[in-house]
Amino acid sequence: MGVSRGAQLSVIVPTFNEVDNVEEIIERVRRVLHEIRWEIIFVDDDSPDGTADKVKSIAMLDPQIRCIKRIGRRGLSSACIEGMMSSSADYLAVMDGDLQHDESLLSTMIDIISKEDVELVVGTRYMEGGGVGDWDKKRQMSSRWATQLSQKLLGVSLKDPMSGFFMIKRHAFESCVGNLSSMGFKILLDIVASAPKPLVFKEVAFQFRERHAGESKLDQRVIWDYFLLLIDKKLGSHIPASLISFGIIGSIGVLVHLSILGFCLNVFSLLFTSAQICAVLGAMFFNFYLNNLLTYRDQKLSGFDFYLGLIKFVLTCSVGAVANVGVASFIYKGYGYWVFSGMAGILVGVVWNYVATSLVVWPKKRPKINA
Ligand SMILES: Nc1nc2c(ncn2[C@@H]2O[C@H](COP(=O)(O)OP(=O)(O)OP(=O)(O)O)[C@@H](O)[C@H]2O)c(=O)[nH]1
Ligand SMILES: [Mg+2]
């Protein structure tokens, strides 16, 4: 067999609209990694700013640079996972594409992971020497709170499980990959909580820097994804996270329904049937809007598709309502327990609505090739 020429370290960089950071990140990584064969794998979700084209134009001249372009997909965690799965290197690092992670730490990490008996090295903001830069109080508090929650709930002992900067041995990553939830932004938390046995880790401090160029993709929906990840990990993936999300939104929808009903009856003095119709339509709109925003954010409908989706949602859920009433009445006639009958109807309705709307309203898109 010939001498191995493949990369020993793959640095996975998830990107969405990071075109002005690509060259800088490559140059900075090149400056810090000397005694190892490395490659950078950019995983881009078809950024409108042409990030993937930029990476590919560099990759044409430099085999150390690779690009995975995903179409009709979004998601930081799933992008990192696909990047890592495409690597045959012994060591995998994950680093943001906006230069907020201190790339000089890569050489420290590779030193540790290749010489010591550890499977994972984590860049940590919450230990001496580390920090979160110029974050405002609100962001600092929510990050601390999310950290403590995952430590308590999932028994994670990392100081900074929310960090997106780490290096892991490929065999250790591959031992977890079948259990990953692959949702949201928190890929490190997903990995450590999915490991069949606790990963041996070491932490190194780093200062979270300011973004080099471009804009943050962080928004309030990250919080929802984070809770779904926690629930998914706790329930052992027996129930799809999207069904949990659908169910939670539906439960809040019941409160919305009752509020509209009460409002229409007491404030507008509508007849009960008219008030109930308003409440049903209001709750359906609420459910559609939030599911479009949160449960199916990767396939979010907008513009004309939003209104078309709303009509399909209302029609599909109407069938669910008929099934709900039918099943509940059937069981009630047979056994007479109203709570049990009602619950059975709700269960059938929710499952129908979830399955049918995922097929009819938010079907998995066939990718549109822009290039
Ligand atoms: N492939 C892919 N990458 C993403 C997606 N969302 C974010 N990213 C990338 O993930 C990295 C982290 O995203 P940021 O928006 O910088 O999030 P953050 O660093 O937690 O937040 P800020 O401090 O506000 O920048 C960046 O390189 C983004 O380009 C996505 O949906 N798909
Ligand atoms: Mg960032």
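The values are calculated or read from the model by the stated rules, or taken from the named source; none is laboratory data. This is a predicted model, so every value here is computed, not measured. With ideal geometry, Cβ positions are generated from the backbone for all residues, glycine too; neighbour counts draw on all protein chains shown. The accessibility values were calculated without ligands, DNA or RNA, using every heavy atom of the protein model including side chains. Shrake-Rupley method; radii C 1.70, N 1.55, O 1.52, S 1.80 Å.
Here are the numbers:
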{"quantity": "Enumeration of residues in segment 293-317 that are open to solvent by less than 20 Å² (accessible area, probe 1.4 Å), under 24 Å from Val222 (Cα atoms) and at pLDDT 95 or above", "calculated": "Gly309"}
{"quantity": "Residues (among the aliphatic types (A, V, I, L, M) and either within 16 Å of ligand 2 (Cβ to nearest atom) or on the phi > 0 side of the Ramachandran plot (or both)) located in segment 164-190", "calculated": "Ile187, Leu188"}
{"quantity": "Asp225 being within 16 Å of ligand 1 (Cβ to nearest atom) and part of a loop (DSSP other than H, G, I, E, B)", "calculated": "no"}
{"quantity": "Listing of helices (runs of 4 or more DSSP H) fully contained in segment 114-198 that carry 3 or more residues being touching a strand residue (DSSP E or B) at 6+ places or on another chain (Cβ under 8 Å)", "calculated": "170-176, 187-194"}
{"quantity": "Identity of the residue in segment 111-124, open to solvent by 20 Å² or more (accessible area, probe 1.4 Å) and not hydroxyl-bearing (Ser, Thr, Tyr), that ends up nearest to Leu199 (Cα to Cα)", "calculated": "Glu119"}
{"quantity": "Residue match in segment 123-140 (condition: under 18 Å from Val11 (Cβ atoms), out of contact with any Lys or Arg (no Cβ under 9 Å at 6 or more places or on another chain) and within 16 Å of ligand 2 (Cβ to nearest atom))", "calculated": "yes"}
{"quantity": "Any hit, segment 275-288, residues being crowded, with 16+ Cβ neighbours inside 10 Å and outside any helix (DSSP H, G or I)", "calculated": "no"}
{"quantity": "Test: residue in segment 95-102 that is touching a Pro at 6+ places or on another chain (Cβ under 6 Å) and either at pLDDT 95 or above or within 16 Å of ligand 2 (Cβ to nearest atom) (or both)", "calculated": "no"}
